[in-house]
Amino acid sequence: MKTQYFRFFLLLLFFRSSLVFSQLTVTQGAGLGMTPLQLVQTMLVGQGVTISNVTFNGSSSLITSNQIGSFQCVGGAYTQLGLSGGIIISSGTAVGAIGPNNTGGFTGNIPPGVGDPDLNITVLNPVPFFCDNQIIDVRDNQSYSTVSLGTQCWMAANLNFGTQILSTSMQRDNCIVEKYCLNDNNANCLSSGGLYQWDEMMQFEPVESSQGLCPPAWHVPSEAEWNILFSRYISNGFAGSPLKYTGYSGFNALLSGIRFDDSNWNFDAFATFIWSSTTQGPYKAWAHSMNSFNPSVSYHPSNRSNAFYIRCIKN
């Protein structure tokens, strides 16, 4: 007679409770075709961070144990896991995680004598970052200029991260970071950055000053942080001239146009809009615009379905 056991899973990232379960695919054991080092580098760390001495159950060889696997979110929202991918370590088999995530529970057989697995990682000290130097986004290896403005460190270019979709589609909570490119031309994302609806930018978590789509150790600026920037130039009434690409601050705001929620493109070569992480009521959030004629920076309580640019600020 077989004994029934509950399998317990350790995820190397955190759960978020939800009433809806996301769909997962799990790859485990030899199906990964990776060593522990390769698995951690691919699923958790990304490019630009050096790790070493990664072992699973004391071995650095190609993974064969089904106690460890990777998971990916398929379709659906960021729900039960709140994540698009990661690593699972299980006292049983990693593939059993599909059960708790999709159905709310899982029961199954595990071989007798199987113990708790161990994953050991050594992370070397990163190279120190100094503002006014380039940063490398470890998620896709893109580089961005930065600029020190008073006590703040800003990106000196608009964020360009994610997968381009056509402007006729809405950006969705679907495990994929989506962006628009001006006039649906990818070359414009490379030169001017991506355009994002507010909820996509915030990763559908409306928390002021959170990371959102910004690289690790950076975040989407709040209204308070924007106002600190404007005060460096007396007020927003005078901040536009130095902050534009024609100005002297190094902020280099490009007047690259925007996408309204009816999918129309507007203001190319005339104005730009940049998001804040601060909301204004349940359906709007603050944004700031600059144009080619005025010396000021304007405040806009904008519909969150509009697509504007992102400037990240250092934590």
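Run the numbers for F129 and N315: contour at 0.36 nm per residue of separation, minus the present Cα-Cα distance, in nm. Before the final figure, lay out the partial values.
Values: separation 186, 0.36 × 186 = 66.96 nm, distance 1.20 nm.
Length gained between F129 and N315: 65.8 nm.
Run the quick spin-label model on N183 and Q152: label points 7 Å from Cα toward the beta carbon, then report their separation in nm to one decimal.
So the label points at N183 and Q152 sit 3.1 nm apart.
Report the calculated FRET efficiency for I228 and N294 (r = Cβ-Cβ distance, R0 = 22 Å), to the nearest 0.05. Don't skip to the end; give the middle numbers.
Details: r = 21 Å, r/R0 = 0.96.
It comes to 0.55.
Using the beta-carbon distance between T168 and E205 and R0 = 30 Å, what value does 1/(1 + (r/R0)^6) give for FRET efficiency, to the nearest 0.05? Could you put the intermediate results ahead of the total?
Working: r = 26 Å, r/R0 = 0.87.
The value I calculate is 0.70.
As an exercise, take the mean of 1/r over every pair of distinct alpha carbons in segment 135-314, invert it, and state the Kirkwood radius in angstroms. Working shown, then result.
Working: mean 1/r = 0.0627 Å⁻¹.
Every distinct Cα pair counted, the radius reaches 16.0 Å.
Using 0.36 nm per residue of separation minus the Cα-Cα distance, give me the extension gain between D261 and S52 in nm, one decimal. Mind dumping the intermediate values first?
Details: separation 209, 0.36 × 209 = 75.24 nm, distance 4.62 nm.
Length gained between D261 and S52: 70.6 nm.
Quick check on the exposure proxy: order H300, H288, H219 from fewest to most C-beta atoms within 10 angstrom. Please report the intermediate quantities before stating the final value.
Numbers: H300 17, H288 27, H219 21.
The fewest-first ordering by Cβ neighbours comes to H300, H219, H288.
Give me a comma-separated list of calculated 3J(HN,Hα) values for segment 283-296, in order, Karplus coefficients 6.51, -1.76, 1.60 applied at θ = phi - 60°, integers in Hz, x for any Gly or Pro.
Listing the rounded values in order: 10, 10, 9, 7, 9, 10, 10, 9, 9, 6, 9, 8, x, 9 Hz.
Throughout, read-outs are computed from the coordinates displayed, never taken from laboratory work. This is a predicted model, so every value here is computed, not measured. Cβ sites come from the backbone with ideal geometry, for glycine too, and all protein chains shown count toward neighbours.
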